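Remarks on the structure that follows.
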Amino acid sequence: MLEDENIIEVRNLTKKFGDFVAVNDISFEVKKGETFAFLGPNGAGKTTTIKMLTTLLRPTSGNIHLNQFDVVKESNKTRHSFGIVFQDPSLDTDLTAMENMEIHAALYGLPKDLYNKRSEELLNMVELWDRRKDMVRDFSGGMKRRLEIARGLLHHPKVLFLDEPTLGLDPQTRNHMWSYIKDLNQKEGITVFVTTHYMDEADKVADRIAIIDHGKIIAQGTSDELKQKTGQTSLEEAFLSLTGHAIREQAGESEMKRMGQMWRGGKR
Ligand SMILES: Nc1ncnc2c1ncn2[C@@H]1O[C@H](COP(=O)(O)OP(=O)(O)O)[C@@H](O)[C@H]1O
Ligand SMILES: [Mg+2]
């Protein structure tokens, strides 16, 4: 594969849930080695897109190529090409850090010697090697995320998908986590696809950004291109000018809604 070749190609991708269009005819490419961010408010369609890209949801229409495989028609081949860290933690908290790694290695059929080498490398990288024999239930939120990232990288994926990886983490842990990911991106040439609703995060870490709102890609480009396009000086202003609303307002609104639901007795 050539250096500047697209590792992800998405054409006219749509996902409907009944009559509701969650992802509406989006197209984009991600180049090999790039860090690409999907920036948008809650409910924009970010998780739905990641799920389609990682074979977990079947598109209503459109095409996805990942590492040159057709994601729908060649889903098994595709699965070895990527690692994923979900929005909701998917670790087994009744197991140790190492046991969580082992299960993943078994799932991907990683040979024992390769597994030993790689798990030590990765757990050292996320500074959890000394805690490898501890139960995950005793880990902090930041430690769990770091373990998930290490696990997602165990089978040497070409693309790492991260769905709001720093959601709910304090700023220091967020920065720390991103320095790991950037390091990996540079050392191993891993392509990173990240979703976020943190403006500063997209601005800082992404080579290119796609702004997604109500299931549509409103604009895409580098942070500078998005600013130029809108004649604004910050990404925040560019976002406002492109979508007609601030990203926080909406995130705040749905947060309020969720809290309201909790107060009304936890009904959803
Ligand atoms: N399984 C589903 N059934 C019905 N609606 C869904 C389902 N999954 C997601 N949605 C809706 O699709 C929209 C996009 O959701 P999602 O992709 O989770 O957004 P984001 O990750 O950007 O917050 C939301 O309005 C959400 O309620
Ligand atoms: Mg989401």
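In the set 92, 88, which member is out of contact with any Ser or Thr (no Cβ under 7 Å at 6 or more places or on another chain) and either within 16 Å of ligand 1 (Cβ to nearest atom) or part of a strand (DSSP E or B) (or both)? Lay out the reasoning, then the answer.
Details: 92 fails: either within 16 Å of ligand 1 (Cβ to nearest atom) or part of a strand (DSSP E or B) (or both).
The conditions single out 88.
Where residues in region 184-200 are open to solvent by 10 Å² or more (accessible area, probe 1.4 Å) and modelled with pLDDT of 85 or more, which of them is nearest to ligand 2 (Cβ to nearest atom)?
For region 184-200, the residue satisfying everything is 197.
Does residue 83 meet the test of being away from ligand 2 (no atom under 16 Å from the Cβ), part of a strand (DSSP E or B) and buried (at least 20 other Cβ atoms within 10 Å of the Cβ)? Spell out the reasoning first.
Values: away from ligand 2 (no atom under 16 Å from the Cβ): yes; part of a strand (DSSP E or B): yes; buried (at least 20 other Cβ atoms within 10 Å of the Cβ): yes.
For residue 83, the condition - away from ligand 2 (no atom under 16 Å from the Cβ), part of a strand (DSSP E or B) and buried (at least 20 other Cβ atoms within 10 Å of the Cβ) - is met.
Of these, 35, 54, 47, 14, which one is open to solvent by less than 30 Å² (accessible area, probe 1.4 Å) and within 16 Å of ligand 2 (Cβ to nearest atom)?
54
Would you point out which residue out of 221, 168, 152 is within 16 Å of ligand 2 (Cβ to nearest atom) and either more than 24 Å from residue 238 (Cβ to Cβ) or of a type outside the set (Ser, Thr, Tyr) (or both)?
Working: 221 fails: within 16 Å of ligand 2 (Cβ to nearest atom); 152 fails: within 16 Å of ligand 2 (Cβ to nearest atom).
Answer to the check: 168.
Quick check: is even one residue across region 146-154 within 27 Å of residue 77 (Cβ to Cβ) and open to solvent by 10 Å² or more (accessible area, probe 1.4 Å)?
Yes, region 146-154 contains a residue that is within 27 Å of residue 77 (Cβ to Cβ) and open to solvent by 10 Å² or more (accessible area, probe 1.4 Å).
Kindly evaluate residue 112 against the criterion of being open to solvent by 40 Å² or more (accessible area, probe 1.4 Å) and among the basic types (Lys, Arg). Let's see the steps before the verdict.
On the way: open to solvent by 40 Å² or more (accessible area, probe 1.4 Å): yes; among the basic types (Lys, Arg): yes.
Yes, satisfied.
The values are calculated or read from the model by the stated rules, or taken from the named source; none is laboratory data. Bear in mind the structure is a predicted one, so any value in this text is a computation, not a measurement. All Cβ positions, even for glycine, are placed from backbone atoms using ideal geometry, and neighbour counts span all protein chains on display. Calculation scope for accessible area: heavy atoms of the full protein, side chains included, ligands and nucleic acids excluded. Shrake-Rupley method; radii C 1.70, N 1.55, O 1.52, S 1.80 Å.
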